[in-house]
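Student: Sharing a structure below in structure tokens format, with a few things to ask.
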């Protein structure tokens with residue numbers, strides 16, 4: 001049995017969509033994102049990592065991380081800031097403004113989503129956007145986040161039989177404008193689907209020589225090894241057994257895996273086990289001995305030593321929120 005490693009990571013790191021903005025802008029206009037630390041507690045308390053995305057449904061605009069080159073955007077394009085670095089969206093390149101004050105962020109808590117925003121003063125609307133945030137766990141181990149570029153822009157190509165992003169954009173636009181019952185949940189799920197599709201397109205566009213966890217997924221041997229490890233993380237894997245199952249010698253697999261993923265296979269497994277364990281511990285309903293057994297440790301003591309070595313704190317401290 002094998003597993004879809006990308007889906008497994010997305011499930012285990014608890015990707016969740018929240019806080020949506022329906023933006024209508026009149027040129028000239030500019031909007032600057034708040035600091036990640038300012039917005040995270042307001043809209044996604046307790047989240048470990050924040051991802052920002054902007055879907056341009058009409059018009060044109062520019063987007064960029066502060067201090068970096070502006071990226072032109074056309075209607076039906078999506079831009080994702082995977083680390084939620086401070087960034088700007090504007091009608092013309094090079095524009096700046098102040099991020100919204102704290103009291104504006106406080107208003108989000110009591111508002112029906114999506115939160116409507118108007119930018120610019122006069123004239124016709126020149127751009128419409130649906131913007132939002134995604135949260136996920138970053139610690140103790142999120143191989144996807146560690147291997148994504150800070151910015152990804154995506155759109156449907158003209159020759160696609162199933163224009164996924166276009167369908168998501170149309171649905172997101174409808175839910176943002178009509179504000180029907182359940183719309184907030186629909187937008188949350190749509191944003192998660194959009195992000196996954198953007199990641200898949202990034203994966204497909206990566207050059208053959210690129211290394212990293214995503215490149216490992218694409219490699220037929222390393223990808224199979226990752227799938228096996230994710231399918232049975234509790235199994236007593238050895239590099240010999242893993243190599244046999246993927247059709248490579250232990251030495252060739254070890255070298256190929258480390259070159260692409262950046263970690264030896266058994267070290268990767270140890271880190272991934274701790275990610276699974278951290279989620280089980282966060283649930284609060286499973287005792288530490290049971291967590292140890294679920295991820296392949298024969299004793300609570302052995303698991304506790306491994307958890308502290310990998311994560312930096314004992315399992316009991318992690319469960320208490322350190």
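Each reported figure results from applying straightforward, stated rules to the coordinates on display, with no laboratory input. Nothing here was measured: the structure is a model prediction, and the numbers come from that model. Positions of Cβ are generated from backbone atoms using ideal geometry, with glycine treated the same way; all protein chains shown enter the neighbour counts.
Student: With the cut-off at 1.5 for a/c, could you classify the range 151-253 from its C-alpha gyration tensor as rounded, prolate or oblate?
Tutor: Numbers: a/c = 3.97, a/b = 2.09, b/c = 1.89.
Prolate is the answer for the range 151-253, as a/c is 1.5 or above and a/b outweighs b/c.
Student: Distance between the C-alpha centers of the range 28-64 and the range 66-90? Whole Å please.
Tutor: 9
Student: Cα axis of helix 300-311 to longest principal axis of the chain: angle in degrees, 0 to 90, nearest 10?
Tutor: 40
Student: Rounded if a/c is under 1.5, else prolate if a/b beats b/c, else oblate: with a ≥ b ≥ c from the C-alpha gyration tensor eigenvalues square-rooted, which is the range 214-319?
Tutor: Numbers: a/c = 2.35, a/b = 2.14, b/c = 1.10.
Since a/c reaches 1.5 and a/b is larger than b/c, the shape of the range 214-319 is classed as prolate.
Student: Can I ask one more? Using only Cα atoms, find the angle between the long axis of helix 250-261 and the longest principal axis of the chain, and express it within 0 to 90 degrees, rounded to the nearest 10.
Tutor: The angle comes out near 20 degrees.
Student: Just want the ordering: 116, 33, 157, from fewest to most Cβ atoms lying within 10 Å of their own Cβ. Display every interim value, and only then the final one.
Tutor: Numbers: 116 14, 33 22, 157 9.
Going from least to most buried by this count: 157, 116, 33.
Student: Here is a further query. Please identify which residues in the range 241-258 have an amide N closer than 17 Å to a label point set 7 Å out from the Cα of residue 203, following the Cα→Cβ vector.
Tutor: none
Student: Considering only 263, 134, 214, give the residue with the highest GNM mean-square fluctuation for the chain, with springs between Cα atoms whenever their separation is below 10 Å.
Tutor: Answer for the Gaussian network model of the chain: 263.
Student: Moving on. Among 208, 70, 114, which one shows the highest mean-square fluctuation when the chain is modelled as a Gaussian network with alpha-carbon springs under 10 Å?
Tutor: 208
Student: Sorted by packing (mean other beta-carbon atoms within 10 Å per residue), highest first, where do 5-13, 223-231 land?
Tutor: Details: 5-13: 18.4, 223-231: 21.4.
Averaged packing, sorted descending, gives the order 223-231, 5-13.
Student: Also, quick follow-up: Plugging the Kirkwood radius over Cα pairs into Stokes-Einstein for the chain, at a temperature of 4 °C and a viscosity of 1.567 mPa s, what D comes out in µm²/s? Walk me through the intermediate numbers first.
Tutor: Working: Rh = 21.4 Å.
After rounding, the answer is 60 µm²/s.
Student: Calculate how steeply helix 265-283 sits against the longest principal axis of the alpha-carbon atoms of the chain, using the helix alpha-carbon long axis, and give the answer as 0 to 90 degrees to the nearest 10.
Tutor: 70
Student: Test of understanding: ordering 291, 117, 311 by Cβ neighbours within 10 Å, fewest first, what list do you get? Before the final figure, lay out each step's value.
Tutor: Details: 291 24, 117 15, 311 20.
Ordered from fewest to most neighbouring Cβ atoms within 10 Å, 291, 117, 311 come out as 117, 311, 291.
Student: Most mobile of 234, 32, 178 per a Gaussian network model of the chain (Cα springs, under 10 Å)?
Tutor: Top of the fluctuation ranking is 178.
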